[in-house]
Every structure is written in C-alpha cells, then in structure tokens.
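> I have a structure I would like to understand better, so I am pasting it below and will then ask my questions one at a time.
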Amino acid sequence: MSDVPDPTDPLLGRSRIVETSTWNSDALDLLGPACLEFEPDGTGAIRFIAVRGGIDYRVSSQHAKSSVEFTWEGVSEGDSICGRAVAVLDGDGLSGTLFIHLGDESSFVAHRWTTPHDR
C-alpha cells in the first residue's frame, strides 16, 4: 500500500474506513486502521476487521456521481474469504456497501487519507 495518493484523482490512494453499520471501531480496526487502497491499474487492497486482501475495481457513474465497484479476496484468521462492494465518491470520501460472500453486509463511510499514517 502506498502512502501518497495522486492529488489529481479523487479515487486513487488510500481511504480510511471510518464507519460501518455492522462493526464498531474496535472490531473494524482489529488489524490496524481499516482502509481501502486504489491503484491506477484497477487493483488495490482492503483491510477491515480480521480481513486483509486484494481488490479488483471498476469506476462508473451512478445518479450523476462517480462510483466504484470492486470484488475483493483475502484471508481472515487464516481462512480464505472474498466479497464485493459498491460505493459512491462524494468529495474526498466514499459511501457504500461492503458484502462478505455468504456472510455479513455493511454500509460504510471512508475518507481519503492525505498524510502518511500507520500501516
């Protein structure tokens, strides 16, 4: 995960997941600050609760706003896990829904990180 987002692209770089409807902040940040990262090549990374993984994303438009849809795959406590998400870009943030395949789903809010931070 890189520390410096591209200042010209509202999606690229790292965003801190600050709120979900399912997990409180202690659970959300179990492995470190919960975050999403989007790279220019359509890949990225995700970390939340006990999940660490990679993402494959596509940018589109919903209701005249830019949006991002992605699938993710990783590990949680040593077990393989995967899911998907959809979010709308709103200024320097994202709001959307995160789905765990055959498991929980949760709305989330993330804000773009613009300064170096903990991994």
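> Looking only at region 92-111, count how many residues are at negative phi and outside any strand (DSSP E or B).
4
> Let me ask something else about it. When you scan region 50-91, how many residues do you find that are closer than 20 Å to residue 103 by Cα and part of a strand (DSSP E or B)?
Count: 23.
> Please go through region 38-69 and give me each residue that is crowded, with 20+ Cβ neighbours inside 10 Å and among the charged types (D, E, K, R), ordered by number.
47
> Name, by its number, the condition in (1) in contact (Cβ under 8 Å) with a residue 60 or more places away in the chain; (2) surrounded by 18 or more Cβ atoms within 10 Å (Cβ to Cβ) that does not hold for residue 104.
So the condition that residue 104 fails would be (2).
> Only one of (1) at positive phi; (2) surrounded by 15 or more Cβ atoms within 10 Å (Cβ to Cβ) fails for residue 84. Which number is that?
(1)
> Sort out which residues of region 9-32 are out of contact with any helix residue (DSSP H, G or I) (no Cβ under 9 Å at 6 or more places or on another chain) and assigned to a strand (DSSP E or B), and write them in order of number.
Listed by number, the residues that qualify are 13, 14, 15, 16.
Values quoted throughout were computed directly from the atomic coordinates according to the rules given, and no laboratory measurement underlies them. In this text, all values refer to a predicted model and were calculated from it rather than measured experimentally. Reconstructed Cβ throughout: ideal geometry from the backbone, glycine too, with neighbour counts over all protein chains shown.
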